[in-house]
Amino acid sequence: MFIVILGPPGAGKGTQAARIARSLRIPQVATGDMFRKHLGEGTELGWLARSFMDAGALVPDEVVCEMVQDRLQEPDCAEGALLDGFPRSLAQSEFLDRMLAERGQRVDRVVSLVVPDEEVVSRMGGRRTCLSCGATYHVRFSPPKVEGVCDRCGQPLVQRPDDREDTVRARLATYHRQTSPIVEHYRQGGVVLDVDGVGSIDAISEAIARGIEAVRR
Ligand code: AP5
Ligand code: MG
Ligand code: ZN
């Protein structure tokens, strides 16, 4: 099963994607996390992505599409994956649809997390991220067991450089301009599940799980 999770920055895509991927036993493919990993390793791709990420803009479609194509060709993605942060433009969604169609597959469900801009801005200040495994925390809403340390892998937690308020606002503008039209693209295919992304993390997970269960039957 291929599931896309869409929503503005800070909507909770990563938080919910980790849970869905675990329960469906499919890999979570998160393009932002992949770029941050490259950045940490100092690769050429990391350097290229960095200037776009720091500006709150999209990394060029060709670069992202090639990276995702390589990842989806790995054996663990043969039967499905949970795409977090991809596609993010109409060109990327068309690329994904075409690539899956060639394999006799399709996007089975698009979870659209709906969160108002002001909620996003207030959430981001408290986010903490593990650059090693991609786990996400919030100082108030989802704290780690030990302050500043990742529960999953024990590495230190940091604040993402693109979580400064001015960059968050730039990312929101990019989302409204380039990414939100994808929701309408998939809506025509009848696969969109709209989920209110404001509320407790557990309640949102349950709403998503129910919506996905409905398609599997
Ligand atoms: P990416 O890393 O994907 O960032 P994003 O889309 O801006 O989204 P975030 O990861 O910031 O937020 P999220 O929705 O995952 O929320 P989270 O679960 O962390 O991309 C970064 C950059 O990479 C892009 O700007 C772009 O430059 C580039 N890029 C990536 N993919 C690309 C692509 N396909 N094409 C081109 N460029 C690309 O939650 C946020 C916080 O809120 C956390 O602290 C969390 O604990 C907390 N939280 C979660 N749920 C709740 C809740 N219900 N109530 C209260 N707090 C909550
Ligand atoms: Mg994320
Ligand atoms: Zn970690």
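Structural remarks
- Amide H within-cut-off set for Val192, under 5 Å, with H built and near neighbours excluded: Val110
- Each Cα pair under 8 Å and six or more residues apart adds its separation to the average, and for the stretch 67-163 the resulting relative contact order is 16 percent.
- Residue-by-residue Karplus 3J(HN,Hα) for the stretch 191-202, coefficients 6.51, -1.76, 1.60, Hz, glycine and proline x: 10, 7, 10, 7, 10, 5, x, 9, x, 6, 4, 5
- Residues whose amide H falls under 5 Å from that of Gln28, counting only those 5 or more places apart or on a different chain, are Leu82, with hydrogens built in the peptide plane.
- Computed from backbone phi, the HN-Hα couplings of the stretch 149-159 come to 10, 5, 4, 6, 10, x, 7, x, 8, 10, 8 Hz, rounded to whole numbers (Karplus: 6.51 cos²θ - 1.76 cosθ + 1.60, θ = phi - 60°; Gly and Pro given as x).
- Ordering 106-112, 154-160, 47-53 by mean Cβ neighbour count within 10 Å, with the highest value first, yields 106-112, 47-53, 154-160.
- Per-residue ellipticity at 222 nm from helix content only, as computed over the chain with -39500 (n - 2.57) for each DSSP H run of at least four residues, stands at -14500 deg cm²/dmol.
- Kirkwood hydrodynamic radius of the stretch 93-217, Cα pairs, Å: 16.9 Å
- Share of carbon and sulfur in the accessible area of the chain stands at 51%, probe radius 1.4 Å.
- Ordered by solvent-accessible area of protein heavy atoms (1.4 Å probe), largest first, the residues Arg177, Arg19 come out as Arg177, Arg19.
- Solvent-accessible area per residue for the chain (1.4 angstrom probe, square angstrom): 51 Å²
- Cα centre as origin, Lys/Arg/Asp/Glu Cβ charges: the stretch 9-108 dipole, Debye: 460 debye
- Given +1 at the Cβ of Lys and Arg, -1 at the Cβ of Asp and Glu and no other charges, the dipole of the stretch 120-217 around its Cα centre is 140 debye to the nearest 20.
- Between the stretch 126-205 and the stretch 98-121, the alpha-carbon centres lie 14 Å apart.
- Under a model in which nothing but the beta-carbon of Lys, Arg (+1) and Asp, Glu (-1) is charged, the stretch 64-199 shows a dipole of about 280 debye around its Cα centre.
- Normalised Debye scattering of the chain at q = 0.08, 0.09, 0.17 Å⁻¹ gives log10 I(q)/I(0) of -0.26, -0.33, -1.35, counting only Cα atoms as equal scatterers and leaving out solvent.
- Over the chain, Cα pairs under 8 Å with separation of 6+ residues give a relative contact order of 30 percent.
The values are calculated or read from the model by the stated rules, or taken from the named source; none is laboratory data. As the structure is a prediction and not an experimental result, all values here were calculated from the model. Positions of Cβ are backbone-derived with ideal geometry, glycine not excepted, and every protein chain shown enters the neighbour counts. Just the protein is used for accessible areas: all its heavy atoms, side chains included, with ligands, DNA and RNA removed. Shrake-Rupley method; radii C 1.70, N 1.55, O 1.52, S 1.80 Å.
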